[in-house]
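Note sheet for the following structure.
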Amino acid sequence: MIDIRKLKELVRLMTTSDLTELDLRDKEEQVTIRRATAQAAPQVIQHAAPVVQHVAAAPLAAAPAAAAAPAANEDAGLIAIESPMVGTFYASPSPDKPSFVSVGGEVGPNSVVCLVEAMKIFNEIKAERSGTIAKVLVKSGQAVEFGQPLYMIKPS
């Protein structure tokens with residue numbers, strides 16, 4: 001069975017390199033990871049020597065439909081800043097420092113909005129667009145998934 005840390009690193013490598021398929025083989029096992037689009041969760045297929053297993057990555061939990069309708073109206077015109085990887089979200093550069101951004105704060109395309117730690121590496125996440133922070137959707141120290149919205153911004 002493949003180590004989950006290795007699997008997470010392979011998924012991170014796939015997303016940062018914008019790959020749609022990754023196939024690794026050795027004498028004991030084979031791992032194939034495929035994704036249809038950037039929005040779809042990667043599919044993992046692992047083959048062991050005598051037994052073939054198919055493991056699909058669990059999709060992100062969906063919000064209940066009743067709660068989604070009012071939220072959709074509130075979020076009209078807002079754009080999500082999403083996590084580009086699986087990891088731990090940090091709102092500030094260190095526990096004793098202020099957050100990179102807060103609700104009402106202005107950001108530009110190169111503004112660092114948070115850090116996501118993956119495999120002991122802290123990755124700066126940039127806004128990639130100009131606007132005003134309307135919502136902070138995660139708490140510092142919370143685990144985040146690939147494609148999970150972190151912030152909602154009102155574009156300028």
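The values are calculated or read from the model by the stated rules, or taken from the named source; none is laboratory data. Remember, predicted model here, so these are calculated numbers, not experimental data. All Cβ positions, glycine included, derive from the backbone under ideal geometry; neighbour counts span all protein chains shown.
Computed values, structure above
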item	result
In the stretch 21-40, the residues that are surrounded by 11 or more Cβ atoms within 10 Å (Cβ to Cβ) and either modelled with pLDDT of 50 or more or over 16 Å from MET85 (Cα atoms) (or both)	GLU21, LEU22, LEU24, GLU29, GLN30, VAL31, THR32, ILE33, ARG34, ARG35
Residues (small (Gly, Ala, Ser) and surrounded by 17 or more Cβ atoms within 10 Å (Cβ to Cβ)) located in the stretch 145-156	GLY147
Filter result (over 15 Å from SER99 (Cα atoms) and surrounded by fewer than 17 Cβ atoms within 10 Å (Cβ to Cβ)) within the stretch 135-144	ALA143
Where ASP18 falls short, out of the listed (1) in a loop (DSSP other than H, G, I, E, B); (2) at pLDDT below 90; (3) acidic (Asp, Glu); (4) at negative phi	(4)
Subset of the stretch 119-148 (residues that are touching a Ser or Thr at 6+ places or on another chain (Cβ under 8 Å) and outside any loop (DSSP other than H, G, I, E, B))	ILE125, LYS126, GLY131, THR132, ILE133, VAL136, ALA143, VAL144
Counted residues, the stretch 82-104 - those being surrounded by 15 or more Cβ atoms within 10 Å (Cβ to Cβ) and farther than 14 Å from GLU145 by Cα	5
Where a residue in the stretch 106-124 is under 25 Å from LYS6 (Cβ atoms) and its partner, wherever it lies, is aromatic (Phe, Trp, Tyr) and in a strand (DSSP E or B), with Cβ under 8 Å and at least six apart	LEU115/PHE89; LEU115/TYR90; LEU115/PHE122; VAL116/PHE89; VAL116/TYR90; VAL116/PHE122; GLU117/TYR90; PHE122/TYR90
